[in-house]
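Enquirer: I have a structure here, written as structure tokens, and I will follow up with some questions on it.
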Amino acid sequence: MKRLTQSTALELKTQTGNAFIIMHQRRSGAHILQNLSLLKTRMAGCGSCFWGIFWLVVLICIGWPLSITLGALYGLVSPLTTCLGLDRISDLLLEGANLGRTCANNMRHGKPLC
């Protein structure tokens with residue numbers, strides 16, 4: 001923590017562009033400046049918005065139906081993995097059941113297809 005006067009704190013706030021909160025606690029006649037850079041935001045670009053919409057369409061049309069279907073099949077096959085040795089099929093069905101989650105993460109981050 002750094003002790004500064006109010007005028008110096010306001011100058012630092014405008015120069016750096018970071019989110020600062022000035023706490024009005026008196027300690028030896030100076031204000032305490034606390035940097036809370038939790039409020040930094042980043043604007044999304046047009047490409048990121050396009051890929052977000054693309055992944056939303058893929059999630060609704062392909063991701064959820066396949067995830068529901070493959071999740072149900074995984075629920076039926078998983079108890080038989082130890083008895084019949086269906087480990088590879090069980091793992092493949094589990095990856096397919098996580099397809100909706102993958103699409104949602106890609107949509108959230110605006111990840112391109114390539």
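Every read-out reported here was derived from the displayed coordinates using simple, explicitly stated rules and does not represent laboratory data. Bear in mind the structure is a predicted one, so any value in this text is a computation, not a measurement. Here Cβ is always computed from backbone atoms with ideal geometry, including for glycine, and neighbour counts include all displayed protein chains.
Enquirer: What net charge is computed for the residues neighbouring Ser78, neighbours being all others with C-beta under 11 Å from the C-beta of Ser78, Lys and Arg scored +1, Asp and Glu -1?
Expert: Neighbourhood net charge equals -2.
Enquirer: Now, a different point. If each residue's Cβ is checked for other Cβ atoms within 10 Å, how do Cys61, Cys103, Cys114, Cys46 rank with the fewest at the top?
Expert: Placing the least packed residue first, the sequence is Cys114, Cys46, Cys61, Cys103.
Enquirer: While we're on this one: Could you check how many percent of all C-alpha pairs in the range 46-109 are farther apart than 17 Å?
Expert: Above the 17 Å cut-off, the range 46-109 has 47 percent of its Cα pairs.
Enquirer: Under the Karplus relation 6.51 cos²θ - 1.76 cosθ + 1.60, θ = phi - 60°, what is the ordered set of whole-Hz ³J(HN,Hα) values for the range 68-83, x standing for Gly and Pro?
Expert: Here the 3J(HN,Hα) series is 5, 5, 5, x, 5, 5, 4, x, 7, 8, 4, x, 8, 5, 6, 6 Hz.
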